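Notes follow once the structure below has been shown.
The values are calculated or read from the model by the stated rules, or taken from the named source; none is laboratory data. Treat the numbers as computed from the prediction; the structure is a model and nothing was measured. Please note: Cβ atoms are built from the backbone with ideal geometry, for glycine as well, and neighbour counts cover all protein chains shown. Ligands, DNA and RNA are excluded from the accessible area calculation, which covers all protein heavy atoms including side chains. Shrake-Rupley method; radii C 1.70, N 1.55, O 1.52, S 1.80 Å.
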Amino acid sequence: MKKYSVIPLLLLLLFSCKTIKKQEVSQNPNILFIMTDDHALAAISAYKGFLSEVAPTPNIDKLANEGMLFNNMLCTNSICGPSRAAILTGKYPHVNGFYKNEGGGDFDETQQTFPKILQNNGYETAVFGKWHLGTAPTGFDYYKVLFNKEGQGSYYDPVFEVTGNRIVEEKGKYSTNVIKEDAINWLKNRKDKSKPFMLMYQFKAPHRPWEPGPGYENYLGDITIPYPATFNDEYNGRKSAKDAWMRIDGHMNRKDVKINPPKGLTEEELIAWNSFGNNDGEFWTPNEKMTEQERKNWKYQRYIKDYLRVVKGVDDAIGAMMAALEKSGLADNTIIIYTSDQGFYLGEHGWFDKRFMYEESLHMPFIIKYPKKIKPGSVANQLALNIDYAPTLLQLAGIPIPKDIQGKSFLPVLENKTKKAFRDAVYYHYYEFPFWHHVQPHYGIRTERYKLIHYYYDMDEWELFDLENDPNELNNIYAEVKNKEVISKLKKRLSELKKEYKMDLSLEEMRKMTDIRIDRRYRVEPAN
Ligand code: CA
């Protein structure tokens, strides 16, 4: 064995201790974590999708120009609560316990989360806006989170839960504006400025029912918005896609596209009238003379314009926060993240909503700016997951990553120290059924080139896509004999990932997870 001199090693140790100490005292980065709800990559112009020219997002684009944009940040389960719980804990939804929005109960707030770890390590922490995990936030010095509509909150007249379980009604106000003003005021008025901060700035927008804010109602008014390439998908070879209740033409209700209801309805009748369309077979048309295609196009235009109007409001609120941060003088020592809890269908496959493991809802926008470590205008194509956020942020803050966190830090990608795959494959699992949207529970694996999905609840269907030759996922090639070897390799890796992530359950056990019904806390409003 070769012998090394001890002296250089000692010098190295001394030097590195000194560096760490200096960081602890003065350089712990602040963290500004911005998250929206259901913001698809196609509706962020930095991603250069089919909407980028018609509806630009200059403030989010500016972050991308000054930081790093991830093209393949993926979620582990494409719905609100489970993605948020995965982000907070760095663990898969079946491990942190929050794997369904409907009927899966509340988030166990006593467990370890990255805000708690930051708080325990000297950070001042706060969260504003959408939370949607049932239990009140823990690990925050201050919170003001949406409470009404079972935690979804409303665009207008939103109701919030504030630190200490107080309920505050913001009558006459618009949710994006309330969140913007509160978060900026918190930043300005922090009491102990010697502490680094971690601020979660989380919007309801652009979640359904897509209600534009004051002043945004006429944005894009006369423009015809382009249609995505798969708008008229007929779902050949994809049984589960055909069965889903999320078609723009077949499953959008009247409220979604803001049709004025007739006068004189009782409250119950109004709810029924507005929500008509949700279920398969509940069909309506704004005008009997329209052809099928005209009607579908008309509903899409109504939907997509409101969606983009709501996005525009968020983009402006991000601009306002950036200006406040610049003014505070803290921008250079602040890590800024822009993300959304998952993607969304903006007419692709003829759909709205999310849930499926297909590209548009599997992908999360992810942009990160931190001038000290990240080269401006850089792009990462590596596969990464929402469970990787927590360990990455902890490492950036100089805090050890707890061993039970399932994600891993993508700091080497941020520092551009590796072009190699950060993850060779990722595992995905969706459990909810039949509400909402009648999407069959499924799990699967995605590599850089392939995606294999198994729909298992009350069907037994497999899908294989070659993303290199079929990026729109229209051709299920699972049954083609020539793909046998690829399939067998993917299944082997999938089974390894399931073991690694402690998801080694039988189909019957997984179906039980779907069938469980536990109420959410929001159903019992507190007395005050
Ligand atoms: Ca969401």
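Would you list the P(r) distribution for the stretch 383-528, with all Cα-Cα distances sorted into 5 Å bins from 0 and each bin expressed as a whole %?
Taking all Cα pairs of the stretch 383-528, the binned fractions are 2, 8, 13, 16, 16, 16, 12, 9, 5, 2, 1, 0, 0 percent.
Mind listing which trypsin sites (Lys or Arg not before Pro) in the stretch 336-388 are in a DSSP loop and have 12 or fewer other Cβ atoms within 10 Å? Can you show the working numbers first?
Values: sites: 354, 355, 369, 372, 373; in loops: 354, 355, 372, 373.
The qualifying sites are 372.
Per residue, what accessible area does the stretch 124-194 have, given a 1.4 Å probe and all protein chains present, in Å²?
Result: 40 Å² of accessible area for each residue.
Be a star and scan the stretch 325-349 for residues whose amide nitrogen sits under 17 Å from the point 7 Å along the Cα-to-Cβ vector of residue 193.
Residues passing the 17 Å test: 325-334.
Take every DSSP beta bridge whose two residues both sit in the chain, then give the antiparallel share in percent to the nearest 5. List each step's numbers first, then the result.
Values: 35 of 63 bridges.
The answer is about 55 percent antiparallel.
Mind checking the per residue accessible area of the stretch 198-239 for me, 1.4 Å probe, whole number of Å²? Present the calculation step by step, with values, prior to reporting the outcome.
Working: 1780 Å² over 42 residues.
On a per-residue basis, 42 Å².
Skipping prolines and chain starts, which residues have an amide H placed within reach, meaning under 5 Å, of the one on residue 104, given they are 5 or more residues away or on another chain?
The answer is 518.
From the Cα gyration tensor of the chain, with a ≥ b ≥ c the square roots of its eigenvalues, which class applies: rounded if a/c is under 1.5, or else prolate if a/b is larger than b/c, or else oblate? Intermediate values should be presented prior to the final figure.
Working: a/c = 1.64, a/b = 1.23, b/c = 1.33.
It comes out oblate by the Cα gyration axes.
I need the phi-derived Karplus couplings for the stretch 268-284: 6.51 cos²θ - 1.76 cosθ + 1.60, θ = phi - 60°, integer Hz, Gly and Pro marked x.
5, 5, 5, 4, 5, 5, 5, 8, 4, x, 4, 9, 4, x, 7, 9, 9
Which residues' amide hydrogens lie under 5 Å from the amide hydrogen of residue 342, considering only partners 5 or more residues apart or on another chain, with H built in the peptide plane?
When sequence neighbours closer than 5 places are left aside, the close amide H contacts are 38, 39.
Using just the alpha carbons, could you tell me how many Å³ per residue the convex hull of the stretch 377-465 encloses?
Working: hull volume 13.4 nm³, N = 89.
Spread over its residues, the Cα hull of the stretch 377-465 gives 151 Å³ apiece.
Quick one: Debye curve from the C-alpha atoms of the stretch 134-225, no solvent, what's log10 I(q)/I(0) at q = 0.20, 0.25 Å⁻¹?
Results for the stretch 134-225 at q = 0.20, 0.25 Å⁻¹ read -1.02, -1.39.
Would you mind telling me the share, in percent, of accessible area of the stretch 194-315 contributed by carbon and sulfur at probe 1.4 angstrom? Let's see the in-between values first.
Details: 2850 of 5840 Å².
Reported share for carbon and sulfur atoms: 49 percent.
Once you keep just the Cα pairs under 8 angstrom separated by 6 or more residues, what percentage relative contact order results for the chain?
On the way: 1029 pairs, mean separation 122.1, N = 528.
Dividing the mean separation by the residue count of the chain yields 23 percent.
Which trypsin sites (Lys or Arg not before Pro) does the stretch 451-525 hold that lie in a coil by DSSP with at most 11 other beta carbons within 10 Å?
Working: sites: 451, 482, 484, 489, 491, 492, 493, 498, 499, 502, 511, 512, 517, 520, 521, 523; in loops: 502, 517, 520.
Passing sites in the stretch 451-525 are 517.
Rounded, prolate or oblate: which one fits the stretch 317-423, using the alpha carbon gyration tensor with axes a ≥ b ≥ c (rounded when a/c is under 1.5, else prolate when a/b beats b/c, else oblate)? Provide the component values of the computation, followed by the final result.
Details: a/c = 1.90, a/b = 1.24, b/c = 1.53.
The shape class here is oblate.
Using the alpha-carbon centroid of each, what span in Å lies between the stretch 126-191 and the stretch 404-445?
Measuring centre to centre over Cα atoms gives 29 Å.
Computing the accessible area with a 1.4 Å probe over protein heavy atoms, can you report the carbon and sulfur percentage for the stretch 330-478? Walk me through the intermediate numbers first.
Details: 2380 of 4680 Å².
That fraction is 51 percent.
Quick one: pull the percent of accessible area on the stretch 100-185 belonging to carbon and sulfur, 1.4 Å probe, ligands and nucleic acids left out.
Details: 1250 of 2920 Å².
Whole-percent figure for carbon plus sulfur exposure: 43.
So what does the Cα-only Debye profile of the stretch 263-380 read at q = 0.14, 0.17, 0.22 Å⁻¹, as log10 I(q)/I(0), no solvent term?
-0.86, -1.06, -1.36
Relative contact order for the stretch 39-82 using alpha-carbon pairs under 8 Å, separation at least 6, rounded to a whole percent? Don't jump to the answer; show the numbers that get you there.
Working: 33 pairs, mean separation 10.9, N = 44.
Reported as a whole number, the value is 25 percent.
Size of the dipole of the chain about the Cα centre, Lys and Arg at +1 and Asp and Glu at -1 on the beta carbon, nothing else charged, in debye to 20? The partial results should precede the final answer.
Details: 72 positive and 70 negative charges, 483 e Å.
Here the chain has a charge dipole of around 2320 debye.
Once you list every other residue whose beta carbon is under 15 Å from the beta carbon of residue 75, what net charge do they have if Lys and Arg are +1 and Asp and Glu are -1? Intermediate values should be presented prior to the final figure.
Numbers: positive: 84, 91, 100, 354, 355, 423, 446, 451; negative: 37, 38, 341, 353, 359, 360, 388, 432.
Taking every other residue near residue 75 into account, the sum is 0.
Rounded if a/c is under 1.5, else prolate if a/b beats b/c, else oblate: with a ≥ b ≥ c from the C-alpha gyration tensor eigenvalues square-rooted, which is the stretch 386-432? Please report the intermediate quantities before stating the final value.
On the way: a/c = 2.58, a/b = 1.26, b/c = 2.05.
Oblate.
Counting helices only, and only those DSSP H runs with n ≥ 4, report the 222 nm mean residue ellipticity of the chain as the sum of -39,500 (n - 2.57) divided by its residues, in deg cm²/dmol to the nearest 500.
Numbers: 15 runs with 158 residues, N = 528.
Helix contribution divided over all residues of the chain: -9000 deg cm²/dmol.
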